[in-house]
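Colleague: What follows is a single structure, and I will ask about it in a moment.
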Amino acid sequence: MDLKDQFEATIEKAKSLSSQSNETLLELYSLYKQATEGDVLGEAPSGFDFRGAAKYAAWEKRRGMSADEAMQSYIDLVDGLE
């Protein structure tokens, strides 16, 4: 199974995980976005959009990470949560 297939299977597996901390959810979100869309673009949401600002900041930390590296990190994180 190649990395993209593993990544797709892991996305499905992640949907059935038990409840996770906000920190873990932000890590999963940022790795998923980096793997599927690349570096974050556009302006950060305003400070009053707490959820949007946290998601943007988490994704921004992944800037420069390759899609393959993000996919593998996502897979490793989910495997560690089981």
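All of the numbers you see were taken from the coordinates with simple rules; none came from a lab. Predicted, not measured: the structure shown is a model, and the values here were computed from it. So basically every Cβ, Gly included, is an ideal-geometry build from the backbone, and we count neighbours across all protein chains shown.
Colleague: So what are the ³J(HN,Hα) numbers for the range 7-24, from phi and the Karplus equation (6.51, -1.76, 1.60; θ = phi - 60°), rounded to whole Hz, Gly and Pro as x?
Modeller: Per residue, the Karplus-derived 3J(HN,Hα) values read 4, 4, 5, 5, 4, 5, 5, 5, 5, 9, 5, 5, 3, 10, 5, 4, 4, 5 Hz.
Colleague: Kindly provide log₁₀ I(q)/I(0) values, in the same order as q = 0.26 Å⁻¹, from the Debye equation applied to equal alpha-carbon scatterers of the chain.
Modeller: For the chain at q = 0.26 Å⁻¹, log10 I(q)/I(0) is -1.26.
Colleague: Just from its helices, what would the mean residue ellipticity at 222 nm be for the chain, if runs of 4 or more DSSP H residues each count -39500 (n - 2.57) and the sum is divided by every residue, rounded to the nearest 500 deg cm²/dmol?
Modeller: -21500 deg cm²/dmol
Colleague: Here is a further query. Each residue of the range 65-81 in order: what ³J(HN,Hα) in whole Hz does its phi give by Karplus 6.51 cos²θ - 1.76 cosθ + 1.60, θ = phi - 60°, with x for Gly and Pro?
Modeller: Those phi angles translate into 6, 6, 4, 5, 5, 5, 4, 5, 5, 4, 4, 4, 5, 5, 4, x, 8 Hz.
Colleague: If I fit a long axis through the Cα atoms of helix 50-60 and take the longest principal axis of the Cα atoms of the chain, what angle between them do I get, 0 to 90°, rounded to 10?
Modeller: 60 degrees
Colleague: With the contact rule set at Cα under 8 Å and sequence spacing of 6 or more, what percent relative contact order holds for the chain?
Modeller: Reported as a whole number, the value is 43 percent.
Colleague: Moving on to the next point. Taking 0.36 nm per intervening residue step and subtracting the Cα-Cα distance, what contour gain separates Glu69 from Ser16 on full extension?
Modeller: Numbers: separation 53, 0.36 × 53 = 19.08 nm, distance 2.32 nm.
So the extension gain works out to 16.8 nm.
Colleague: Taking neighbour Cβ counts within 10 Å as the exposure measure, how do Tyr29, Tyr74, Tyr56 sort from fewest upward?
Modeller: Taking fewest neighbouring Cβ atoms as first place, the list is Tyr29, Tyr56, Tyr74.
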